[in-house]
1. What about residue 69, is it surrounded by fewer than 15 Cβ atoms within 10 Å (Cβ to Cβ) and in contact with a helix residue (DSSP H, G or I) (Cβ under 6 Å, 6 or more places away or on another chain)?
2. Only strands (runs of 3 or more DSSP E) wholly contained in the stretch 96-184 count here; list those with 2 or more residues that are closer than 16 Å to residue 79 by Cβ and in contact with a His (Cβ under 9 Å, 6 or more places away or on another chain).
3. I want to confirm something. Restricting to the stretch 88-104 and keeping residues that are touching a residue at least 24 places away in the same chain (Cβ under 8 Å) and among the polar types (S, T, N, Q), which single residue is farthest from residue 160 (Cα to Cα)?
4. Out of all the residues in the stretch 51-82, which are more than 21 Å from residue 142 (Cα to Cα) and of a type in the set (Asp, Glu)?
5. What tally of residues in the stretch 50-70 results from selecting those that are assigned to a strand (DSSP E or B) and hydrophobic (A, V, I, L, M, F, W, C)?
6. Looking at (1) in contact (Cβ under 8 Å) with a residue 24 or more places away in the chain; (2) surrounded by fewer than 16 Cβ atoms within 10 Å (Cβ to Cβ); (3) over 18 Å from the mean Cα position of the chain (by Cα), which one does residue 172 not meet, given that it meets all the others?
7. Can you confirm whether residue 7 is among the hydrophobic types (A, V, I, L, M, F, W, C), surrounded by 15 or more Cβ atoms within 10 Å (Cβ to Cβ) and either more than 19 Å from the chain's Cα centre (by Cα) or under 22 Å from residue 164 (Cα atoms) (or both)?
Amino acid sequence: MNISAVIITKNEAHIIGNTLQSLQKVTNDIVIVDSGSTDETVAICKKFSATVIETDWDGYGINKNKGIKVAKYDWILSLDADEAIDTELQQNLRQLTLNNELEVFDIRFKNFFCNKWIRFGEWGFDRHIRLFNRQKVCWNIAAVHENLVFPGEVKVSRLKGNILHYTVHNRQEYDAKTDHYARMNAKKYFAAGKKNGILKQYLSPLFAFIQHYIFRLGFLDGKEGLIIAKTTARYTFLKYRYLKELNRNRK
């Protein structure tokens with residue numbers, strides 16, 4: 001199968017083995033872009049015969065493109081270190097006929113909170129394009145919440161199977177990630193010249209909670225659904241608070 005898998009890492013020793021194991025029947029070319037791991041991440045990746053690029057951290061999109069550039073094949077399966085592919089997706093990837101450079105593949109995500117599959121709310125209806133041809137598609141250079149850049153005539157197809165996203169292992173990690181992404185997104189908004197406002201800072205978090213917990217049925221996921229909805233609201237509040245601080249410091 002002429003597919004390369006590209007993964008960016010930093011201190012992922014606790015999860016990267018699971019990710020790499022899931023790829024063994026799909027590809028013989030795994031590229032790891034590591035930005036300064038101090039644990040056993042690099043050693044584990046080399047045990048799986050992955051190509052490891054050790055580099056500085058220049059942002060999500062830029063580092064992913066570094067891996068894409070050195071991949072063996074043009075068709076790229078882009079994963080995060082805490083994502084694995086299930087058996088159904090493995091089978092469908094092996095059966096693909098990849099003969100259209102302008103075709104990209106949209107894949108469903110199963111997101112897990114401390115090993116519980118979250119079926120509803122913000123995490124329950126997640127799909128992303130993760131398989132594409134590097135001759136036509138690449139990541140933009142956004143520091144956070146990077147996006148793929150497509151030609152206008154791209155064809156989007158859906159693949160059966162799932163990417164299993166083990167995104168949260170404990171509350172402490174979840175809170176730390178929330179704060180980290182809020183700060184990074186605030187910097188992104190600041191660089192784009194966006195302004196904070198009272199309505200955005202206080203009404204947007206409330207709307208986010210209602211949307212994901214009520215309208216998208218997050219309450220059906222029990223206490224985990226409530227935690228996720230509350231944390232999403234907190235993230236929304238924090239990113240505008242941090243943006244306010246950045247705008248104030250500029251003045």
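The values are calculated or read from the model by the stated rules, or taken from the named source; none is laboratory data. All figures in this text were calculated on a predicted structure; none of them were measured in a lab. Every residue, glycine among them, receives a Cβ derived from its backbone with ideal geometry; neighbour counts consider all protein chains shown.
1. no
2. 103-113
3. Taking the stretch 88-104 and keeping what is touching a residue at least 24 places away in the same chain (Cβ under 8 Å), we get 88-94, 96, 98, 100-104.
Next, from what is left, pick out any that are among the polar types (S, T, N, Q): 90-92, 100.
Numbers: 90: 10, 91: 9, 92: 7, 100: 19 Å.
Among them, the one singled out is 100.
4. Across the stretch 51-82, the qualifying residue is only 74.
5. 2
6. (1)
7. So residue 7 passes the test.
Let's see how each residue does on (1) at pLDDT below 90; (2) out of contact with any strand residue (DSSP E or B) (no Cβ under 8 Å at 6 or more places or on another chain); (3) among the charged types (D, E, K, R); (4) loosely packed, with under 14 Cβ neighbours inside 10 Å:
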{"site": "181", "(1), (2), (3), (4)": "no, yes, no, no"}
{"site": "194", "(1), (2), (3), (4)": "yes, yes, yes, no"}
{"site": "214", "(1), (2), (3), (4)": "no, yes, no, yes"}
{"site": "220", "(1), (2), (3), (4)": "no, yes, no, yes"}
